[in-house]
Amino acid sequence: MIELLADLWLFMRERKKYWLAPILIVLVLLGALIVFGQGSVVAPFIYTLF
């Protein structure tokens, strides 16, 4: 996983695609929210956001 992130960062740095970083960060945060919200006590509160 770390190698994938390193390769992605090198790709963005080499080709000056820094605008991809905020998109990837938001996608990772939403994915983490979905994963951690599945079996959590706060799941009903997370679902009200959407």
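The values are calculated or read from the model by the stated rules, or taken from the named source; none is laboratory data. These numbers were taken from a predicted model, which means no experiment stands behind them. Quick reminder, even Gly has a Cβ in these numbers, built from the backbone with ideal geometry, and neighbours come from all protein chains shown. In case anyone asks, the SASA skips ligands and DNA or RNA and just uses the protein heavy atoms, side chains included. Shrake-Rupley method; radii C 1.70, N 1.55, O 1.52, S 1.80 Å.
Things worth noting here:
- Being assigned to a helix (DSSP H, G or I), within 11 Å of the chain's Cα centre (by Cα) and at negative phi is true of Leu24.
- Sub-6 Å Cβ pairs linking a first residue in segment 18-42 that is over 25 Å from Ala6 (Cβ atoms) and surrounded by 10 or more Cβ atoms within 10 Å (Cβ to Cβ) to a second residue that is of a type outside the set (Lys, Arg) and at pLDDT below 85, at least 6 apart or interchain, are Gly37/Ala43; Gly37/Ile46, ordered by first then second residue.
- Residue within segment 8-16 that is in a loop (DSSP other than H, G, I, E, B), open to solvent by 80 Å² or more (accessible area, probe 1.4 Å) and modelled with pLDDT of 85 or more present: yes
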